[in-house]
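> The following block contains the structure, expressed as structure tokens.
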There are 2 protein chains.
Amino acid sequence: MKIAFIGLGIMGRPMALNLLKAGHDVTVWARRAESMAPLAEAGAKTAASPAEAVRDVKVVISMVADAPDVEQVMLGDNSVAAGAEATGRRDLVAVDMSTIAPSAAKAIGEKLAARGVDFLDAPVSGGDVGAIAGTLSIMVGGSEAGFAKAKPAFEAMGKTVVHVGASGAGQITKACNQILTGVHVMATAEAFTLARRAGVDPYKVREALMGGSAYSRVLENHGKRMLDGNFKPGFKSWMHQKDLNIVMNSAHELGLCLPSTAATAQMFNALVGAGYGEDDSVRALTLLENMSGN
Amino acid sequence: MKIAFIGLGIMGRPMALNLLKAGHDVTVWARRAESMAPLAEAGAKTAASPAEAVRDVKVVISMVADAPDVEQVMLGDNSVAAGAEATGRRDLVAVDMSTIAPSAAKAIGEKLAARGVDFLDAPVSGGDVGAIAGTLSIMVGGSEAGFAKAKPAFEAMGKTVVHVGASGAGQITKACNQILTGVHVMATAEAFTLARRAGVDPYKVREALMGGSAYSRVLENHGKRMLDGNFKPGFKSWMHQKDLNIVMNSAHELGLCLPSTAATAQMFNALVGAGYGEDDSVRALTLLENMSGN
């Protein structure tokens, strides 16, 4: 399938490579030419703009930093929408796989629809490890027809691909994912802090709780790294902070009270404020121990 | 092995029955004679007091409601300690399997030690289902020697038996268990509330997240019951509220800041205040939806 890929950072680059490996015909675009070089070496075509990249593809995918970047590549000058309009086509499917606010995704979808482009929001979880391995979880919002067209691309990049609902539903699902992983990290750090301060070996606590109803993937993976003092990301605290900010803004827009998420979001603010933004969120344990003078 | 069992409620009764099934010689005592009848029918001896029950046993187990009950049966009139003193023995192991404050468990252990009784705190998780099936998780604090003596009894009642550390370590581990399960229930309810209010099917969100880093046993089991509107306990909200109160008191004693646990403990107060105390804690979803006018 002919696919355009926009945004070739830590996530985008391996995702585009996996599309090539699966035999797709890939055209790439990135703001900086040097980001495109490794993809060109691997067999991708390069384009001078998003508009040029989408000229004769079925699906265009963006993997950028935040909503304004998505707006720009999808709707700005020399954008995906401009490219579709220039060729008069109405069959392009645009997929954004960045994590942005659900309301922003819905708004972008509406603006693209008005310009003849079908839009899917399809954020991922699994990090750069999952991007490299092609084992991402992909949560998709948008039309059935668009999902069907983009599915071969998703299958080259991810292991679990779920079409959750209408436009915005992918981002809502990602927001739920970030609630659960963020709150689980904080709860695990709080439990370990209690154990350690009470003179109980937190490794033994983890072992005792792994088999029961307290089990979480975070207790297993993040919990181990937390106790080992391995703060290498994983997923950087500032990125999780950004995602929890999206969650709290959505809660504000929708008039929702999310107490444990709110407490956790505050702790992620503190993580970044304390200078741990580039570390993995398992730094939550350090933060709690600092707070209680350990 | 000769074992005395004190407290024959929803948990204690099946636990004592499993000791009998495993071939142990069991003497029971409960405040109300009618609680002892089904155990007597199953082959247990009955005693007129804790003091009488422990006369010639190696291990005595209590499974009662809260710290004052443990104090009374272990240290009060006609108690375990009184029985041990009456026979002049210094080899009795007393095991409390109730969930009480870690500091209370340590204090009871010290008082029993002064009267020649070795004390273990050995709270459980797994609920009445685990008690009946003999698959409880048992988290034990206390001496190596005491643990070794009581181990055959633990193995008749539980599947996972971990000797976590010194006196009080079992209750600390249980407190960590209640942090994780409580906070996970709240985070799951918050994620589902966000999804539902945003018009996204929470069943699909759960399905999309089950395979990834957001997975928890709570998302799998409680999450399903939550969405099905199945509020049958399980574990009653008022009991989890009691346990989170123990956690927050321990945090206060130790000078610890546990933000996500604190927010969750407040929500459990609200659950009980709203009249859901006898329901399972998956009522958290109802509570959040009531709060946001759904």
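> Return the residue satisfying two criteria in turn: it lies in the range A:155-164 and is facing chain B (nearest Cβ under 7 Å) and under 21 Å from residue A:106 (Cβ atoms), and of such residues it is surrounded by the fewest Cβ atoms within 10 Å (Cβ to Cβ).
A:162
> Within the range B:233-243, is there a residue that is at pLDDT 95 or above, acidic (Asp, Glu) and under 24 Å from residue A:265 (Cα atoms)?
no
> Taking helices (runs of 4 or more DSSP H) that do not extend beyond the range B:165-268, which have at least 2 residues that are within 22 Å of the chain's Cα centre (by Cα) and surrounded by fewer than 19 Cβ atoms within 10 Å (Cβ to Cβ)?
Helices (runs of 4 or more DSSP H) meeting the threshold: B:217-228, B:237-254.
> Which one of these is open to solvent by less than 10 Å² (accessible area, probe 1.4 Å) and either touching a helix residue (DSSP H, G or I) at 6+ places or on another chain (Cβ under 7 Å) or not aromatic (Phe, Trp, Tyr) (or both): A:126, A:146?
The conditions single out A:146.
> Residues being within 13 Å of chain A (Cβ to nearest Cβ), among the polar types (S, T, N, Q) and closer than 27 Å to residue B:98 by Cα: count how many of those fall in the range B:206-245.
Summing the residues that are within 13 Å of chain A (Cβ to nearest Cβ), among the polar types (S, T, N, Q) and closer than 27 Å to residue B:98 by Cα in the range B:206-245 gives 2.
> Counting only residues that are within 10 Å of the chain's Cα centre (by Cα), in a loop (DSSP other than H, G, I, E, B) and small (Gly, Ala, Ser), how many does the range B:118-147 have?
Residues flagged as within 10 Å of the chain's Cα centre (by Cα), in a loop (DSSP other than H, G, I, E, B) and small (Gly, Ala, Ser) within the range B:118-147 amount to 2.
> Across the range B:165-205, what is the number of residues that are facing chain A (nearest Cβ under 7 Å) and of a type in the set (Lys, Arg)?
2
> Please indicate, with yes or no, whether at least one residue in the range B:100-119 is out of contact with any strand residue (DSSP E or B) (no Cβ under 9 Å at 6 or more places or on another chain) and of a type in the set (S, T, N, Q).
Yes; the residues of the range B:100-119 include at least one that is out of contact with any strand residue (DSSP E or B) (no Cβ under 9 Å at 6 or more places or on another chain) and of a type in the set (S, T, N, Q).
> Shifting gears a bit: Collect the residues in the range B:265-293 that are within 12 Å of chain A (Cβ to nearest Cβ) and among the aromatic types (Phe, Trp, Tyr), keeping them in residue-number order.
Across the range B:265-293, the qualifying residue is only B:268.
> Of a type in the set (A, V, I, L, M), farther than 30 Å from residue A:175 by Cβ and without any contact (Cβ under 8 Å) to a residue 60 or more places away in the chain: does that describe residue B:153?
No, not satisfied.
> If residue A:220 meets every condition in (1) modelled with pLDDT under 95; (2) closer than 20 Å to residue B:212 by Cα apart from one, which number is that one?
Only one criterion is unmet by residue A:220, namely (1).
The values are calculated or read from the model by the stated rules, or taken from the named source; none is laboratory data. Everything numeric here is computed off the predicted structure, so don't read it as measured data. Positions of Cβ are generated from backbone atoms using ideal geometry, with glycine treated the same way; all protein chains shown enter the neighbour counts. Areas reflect the complete protein model, heavy atoms only, side chains present, ligands, DNA and RNA absent. Shrake-Rupley method; radii C 1.70, N 1.55, O 1.52, S 1.80 Å.
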